[in-house]
Amino acid sequence: MSFYVLARTLHIAAGVIGFAALWLPLVARKGGSLHKRVGWVYVAAMAVVSITGFLLSGWRFLQGPEVRSAALFFIYISVLSGTSASMGVRVLRTRARTTANRNPYDLGMSALTLGLGLFTAAWGLAVSMPLLWGFSLVGIILGASSLRYWLRPPQTRMHWWFQHMGAMVGSGIATLTAVLVVNARHLGIDGMQLAVFLGPTVVGVTGLKLWERYYQKKFAPKARATTVATAPATP
């Protein structure tokens, strides 16, 4: 079995596992054993998908100019899904921090997401390919926001909760987009249509904002009832 075939087989198998594991943590009790166990399955699958996808797409990128734009899209998707899943884990492990985090790994992953997003946007504009410059905004926003998160001291008590949510939803958006673009043709649909590759972004970001609003209200400090003592009236 050649290296390409092996990498492709691992990529497909991990992609199926990751896609199946994507949904349960969204509805399972947050912090519960089921949420954690299935979440780890998803993160492990995304690690394999990201590495093999990067290698496969990188190899295709070198084959010639006619396939480079499509290959760059899948390189970008591979990196985005992997770095976002990694961010989702790292914020949990560093949730007790009270100062800025300048860990080279964390900053490097965030900078990679931002840098590749900017490169993909520039490439997409140069070749007039909406698939690239349109979806590049996801990586640019995620990369910039994660860099800002690491380089500043925590601003709220539950900072890690919301950053974890955003990172994992971002990874899920990348995963679902790749699945739709690759498999749309089997349904007779052009995978390059705006509705196909921006649909998961619109739905995912909208859901994330509603989700964040719900938890912001849930975590808001509760008003404490105060008992006012009144002195007895004197005659």
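Structure notes:
- Every listed requirement among (1) over 20 Å from Gly124 (Cα atoms); (2) open to solvent by less than 50 Å² (accessible area, probe 1.4 Å); (3) of a type outside the set (Phe, Trp, Tyr); (4) in contact with a helix residue (DSSP H, G or I) (Cβ under 8 Å, 6 or more places away or on another chain) is met by Gly108 save one, (4).
- Subset of the stretch 86-102 [more than 10 Å from Ser146 (Cβ to Cβ), in contact with a helix residue (DSSP H, G or I) (Cβ under 8 Å, 6 or more places away or on another chain) and of a type in the set (D, E, K, R)]: Arg95, Arg102
- Residue ID - least open to solvent (accessible area, probe 1.4 Å), chosen from residues in the stretch 95-105 that are of a type outside the set (A, V, I, L, M, F, W, C) and touching a residue at least 24 places away in the same chain (Cβ under 8 Å): Asn101
Here is a yes/no grid of residues against (1) free of Cβ contacts under 8 Å to residues at least 24 places away in the same chain; (2) within 22 Å of Leu198 (Cβ to Cβ):
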residue: Leu80; (1), (2): no, yes
residue: Gly88; (1), (2): no, no
residue: Thr113; (1), (2): no, yes
residue: Ala126; (1), (2): yes, yes
residue: Ser136; (1), (2): no, yes
residue: Leu142; (1), (2): no, yes
residue: Arg148; (1), (2): yes, no
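Listed here are the residues, each with its yes/no results for (1) of a type in the set (Val, Ile, Thr); (2) within 25 Å of Val49 (Cα to Cα); (3) under 13 Å from the mean Cα position of the chain (by Cα); (4) part of a helix (DSSP H, G or I).
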position: Ile141; (1), (2), (3), (4): yes, yes, yes, yes
position: Tyr149; (1), (2), (3), (4): no, no, no, yes
position: Arg157; (1), (2), (3), (4): no, no, no, no
position: Ala167; (1), (2), (3), (4): no, yes, yes, yes
position: Ile173; (1), (2), (3), (4): yes, yes, yes, yes
position: Val182; (1), (2), (3), (4): yes, yes, no, yes
position: His186; (1), (2), (3), (4): no, yes, no, yes
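- Enumeration of residues in the stretch 119-134 that are open to solvent by 60 Å² or more (accessible area, probe 1.4 Å) and of a type in the set (Ser, Thr, Tyr): Ser128
- Options Leu62, Leu92: the member that is without any contact (Cβ under 8 Å) to a residue 24 or more places away in the chain and out of contact with any Leu (no Cβ under 8 Å at 6 or more places or on another chain): Leu62
- Within the stretch 137-158, tally of residues that are over 16 Å from Ala111 (Cα atoms) and surrounded by fewer than 17 Cβ atoms within 10 Å (Cβ to Cβ): 5
- Residue count, the stretch 1-29 (criterion: over 23 Å from Leu80 (Cβ atoms) and open to solvent by less than 50 Å² (accessible area, probe 1.4 Å)): 1
The values are calculated or read from the model by the stated rules, or taken from the named source; none is laboratory data. The shown structure was predicted, so the numbers you read here are calculated from the model rather than taken from an experiment. Positions of Cβ are generated from backbone atoms using ideal geometry, with glycine treated the same way; all protein chains shown enter the neighbour counts. Surface areas here come from the heavy atoms of the whole protein model, side chains and all, with no ligands, DNA or RNA. Shrake-Rupley method; radii C 1.70, N 1.55, O 1.52, S 1.80 Å.
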